[in-house]
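> One structure, pasted below without further comment.
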Amino acid sequence: MSAEKIVILTGAGISAESGLGTFRDEDGLWAQHRIEDVATPEGFAANPQLVHDFYNARRTQSVAATPNAAHQALARLEAAHPGEVLVVTQNVDGLHEAAGSKAVMHMHGAPSGALCAACEHRWPAPLVMAPSDPCPACAKPTTRPDIVWFGEMPYDMDQIWDHLRAADLFVAIGTSGNVYPAAAFVQDAARYGAHTVELNLEASATISDFAEARFGKASEVVPAWVAEVLGT
């Protein structure tokens with residue numbers, strides 16, 4: 001199997017085996033809060049301390065996590081594939097980079113970043129943030145995590161659409177298919193001629209849009225697929 005340009009979408013499922021929970025984990029960090037309270041602009045406006053506490057916990061969790069075999073396999077693919085390999089991730093952890101991937105686009109931001117809600121200045125986030133933290137640029141106490149919340153537009157979408165439309169192969173790994181615009185990526189890539197593959201623990205909501213699919217733990221199915229692509 002070979003393809004010149006490979007675009008890979010990753011979701012929470014690829015990081016679950018690294019100890020980072022998905023939205024649907026019954027005992028995970030997300031299960032302790034309503035999404036509306038901690039992952040929306042309205043939730044932040046109503047209770048900024050709660051939101052900061054939540055992302056402080058996620059930041060600590062992300063720092064402690066290590067890449068698993070799926071992250072490592074994608075880094076190996078990027079290093080060995082003669083064409084272009086791009087990872088577009090919905091995840092806000094840094095596990096792709098920690099595994100060695102260099103071409104990574106974080107469409108939902110990352111808790112390692114801080115953003116000023118007033119002037120949009122960005123800077124590296126400390127491990128613990130608080131509502132009273134002043135922006136380094138404008139000095140206003142309007143610091144928030146540099147995370148794309150529900151109701152906000154993901155980052156770099158124009159570039160992402162361009163990459164999807166130039167892809168020879170589009171692969172979605174560990175995604176639910178329930179969150180847009182990412183759920184529409186498979187249709188868009190296929191429309192422009194890409195072969196499409198889903199690698200997932202179970203079928204996503206958009207499974208019927210993929211040309212092929214393989215199911216199982218990310219740490220098993222992703223390395224096996226990468227070995228096929230590389231012919232190893």
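The values are calculated or read from the model by the stated rules, or taken from the named source; none is laboratory data. Because the structure is a prediction, the values reported are computed rather than measured. Counting neighbours? That spans all protein chains shown, and the Cβs are built from the backbone with ideal geometry, glycine included. Surface areas here come from the heavy atoms of the whole protein model, side chains and all, with no ligands, DNA or RNA. Shrake-Rupley method; radii C 1.70, N 1.55, O 1.52, S 1.80 Å.
> So, residue 186, is that one buried (at least 22 other Cβ atoms within 10 Å of the Cβ), part of a helix (DSSP H, G or I), touching a helix residue (DSSP H, G or I) at 6+ places or on another chain (Cβ under 8 Å) and of a type outside the set (Asp, Glu) or not?
Details: buried (at least 22 other Cβ atoms within 10 Å of the Cβ): yes; part of a helix (DSSP H, G or I): yes; touching a helix residue (DSSP H, G or I) at 6+ places or on another chain (Cβ under 8 Å): yes; of a type outside the set (Asp, Glu): yes.
Here the answer is yes, as residue 186 does meet what is asked.
> Of these, 98, 110, 79, which one is of a type outside the set (D, E, K, R) and outside any helix (DSSP H, G or I)? I'd like the intermediate steps shown before the answer.
Details: 98 fails: outside any helix (DSSP H, G or I); 79 fails: outside any helix (DSSP H, G or I).
Exactly one residue qualifies, and that residue is 110.
> Can you name the number of the only condition in (1) open to solvent by less than 30 Å² (accessible area, probe 1.4 Å); (2) in a helix (DSSP H, G or I); (3) over 30 Å from residue 60 (Cβ atoms); (4) of a type outside the set (Asp, Glu) that residue 196 fails?
Going through the list (1) open to solvent by less than 30 Å² (accessible area, probe 1.4 Å); (2) in a helix (DSSP H, G or I); (3) over 30 Å from residue 60 (Cβ atoms); (4) of a type outside the set (Asp, Glu), residue 196 breaks only (2).
> Continuing with this model, one more query. Taking the condition aromatic (Phe, Trp, Tyr), over 26 Å from residue 215 (Cβ atoms) and open to solvent by 20 Å² or more (accessible area, probe 1.4 Å), does residue 180 pass? If you could, list the steps in order and put the result at the bottom.
Working: aromatic (Phe, Trp, Tyr): yes; over 26 Å from residue 215 (Cβ atoms): no; open to solvent by 20 Å² or more (accessible area, probe 1.4 Å): yes.
No; evaluated as a whole, the condition is false for this residue.
> Sort out which residues of the range 194-208 are out of contact with any Gly (no Cβ under 8 Å at 6 or more places or on another chain) and over 10 Å from residue 170 (Cα atoms), and write them in order of number.
Going through the range 194-208, the residues out of contact with any Gly (no Cβ under 8 Å at 6 or more places or on another chain) turn out to be 194-198, 202-203, 208.
Those that are out of contact with any Gly (no Cβ under 8 Å at 6 or more places or on another chain) and over 10 Å from residue 170 (Cα atoms): 202, 203, 208.
> Okay, next question. For the range 113-146, give me each residue that is more than 19 Å from residue 15 (Cβ to Cβ) and not in a loop (DSSP other than H, G, I, E, B).
114, 115, 116, 122, 123, 124, 143, 144
> Just one of 190, 224, 213 is of a type in the set (A, V, I, L, M), modelled with pLDDT of 95 or more and more than 15 Å from residue 169 (Cβ to Cβ); which is it?
Values: 190 fails: more than 15 Å from residue 169 (Cβ to Cβ); 213 fails: more than 15 Å from residue 169 (Cβ to Cβ).
Of 190, 224, 213, the one residue that is of a type in the set (A, V, I, L, M), modelled with pLDDT of 95 or more and more than 15 Å from residue 169 (Cβ to Cβ) is 224.
> Quick one: in the range 199-215, which of the residues that are assigned to a loop (DSSP other than H, G, I, E, B) and open to solvent by less than 20 Å² (accessible area, probe 1.4 Å) is nearest to residue 73 (Cα to Cα)? Quick ask: steps written out before the conclusion?
First, the residues of the range 199-215 that are assigned to a loop (DSSP other than H, G, I, E, B): 201-206, 210-211.
Pick out the ones that are also open to solvent by less than 20 Å² (accessible area, probe 1.4 Å) and you get 204, 206.
On the way: 204: 22, 206: 24 Å.
Taking the candidates together, the pick is 204.
> Identify all residues within the range 109-138 that are at positive phi and open to solvent by 70 Å² or more (accessible area, probe 1.4 Å); write none if there are none.
We begin by selecting, within the range 109-138, every residue at positive phi; these are 109, 120.
Of everything in the range 109-138, just one residue is at positive phi and open to solvent by 70 Å² or more (accessible area, probe 1.4 Å), namely 120.
> Next up: Out of the range 51-76, which residues are hydrophobic (A, V, I, L, M, F, W, C), at pLDDT below 95 and either open to solvent by 20 Å² or more (accessible area, probe 1.4 Å) or outside any helix (DSSP H, G or I) (or both)?
Across the range 51-76, the qualifying residues are 57, 63, 64, 65.
> Which of the residues spanning the range 161-177 are under 13 Å from the mean Cα position of the chain (by Cα) and either among the hydrophobic types (A, V, I, L, M, F, W, C) or surrounded by fewer than 18 Cβ atoms within 10 Å (Cβ to Cβ) (or both)?
If the condition is that a residue be under 13 Å from the mean Cα position of the chain (by Cα) and either among the hydrophobic types (A, V, I, L, M, F, W, C) or surrounded by fewer than 18 Cβ atoms within 10 Å (Cβ to Cβ) (or both), then 172, 173 are the ones that fit.
> Here's a follow-up. Quick check on the range 147-167. Is at least one of its residues in a strand (DSSP E or B), touching a Gly at 6+ places or on another chain (Cβ under 7 Å), in contact (Cβ under 8 Å) with a residue 12 or more places away in the chain and among the aliphatic types (A, V, I, L, M)?
The first filter runs over the range 147-167 and keeps only residues in a strand (DSSP E or B), leaving 147.
Next cut, touching a Gly at 6+ places or on another chain (Cβ under 7 Å) only: 147.
Filter again for in contact (Cβ under 8 Å) with a residue 12 or more places away in the chain, leaving 147.
Narrowing further to those that are among the aliphatic types (A, V, I, L, M): 147.
Within the range 147-167, one or more residues are in a strand (DSSP E or B), touching a Gly at 6+ places or on another chain (Cβ under 7 Å), in contact (Cβ under 8 Å) with a residue 12 or more places away in the chain and among the aliphatic types (A, V, I, L, M).
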